[in-house]
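Working notes, beginning with the structure itself.
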């Protein structure tokens, strides 16, 4: 990818973030949401594994 293509892609990304942010609450924290999703996903996997081992 050429340097000018990278700059253009970055500018487009910044604009998309601005556009999409209007649909999110002001206190939205993507890192917190990601961590919450990971905990939910991993806790389900651990629960399923424990159930299989406990059979």
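Just to be sure I understand the model, the point goes 7 Å from the Cα along the line to the Cβ. What's the resulting residue 27 to residue 7 distance in nm?
With each label placed 7 Å out from Cα toward Cβ, I get 4.1 nm.
Where in the stretch 1-28 does the label zone of residue 36 land, with the point 7 angstrom along Cα→C-beta and an amide N cut-off under 18 Å?
Only 21-28 pass the distance filter.
No value in this document is a laboratory result; all are computed from the given coordinates. Everything numeric here is computed off the predicted structure, so don't read it as measured data. Glycine also receives a Cβ, built like all others from the backbone with ideal geometry; neighbour counts cover every protein chain displayed.
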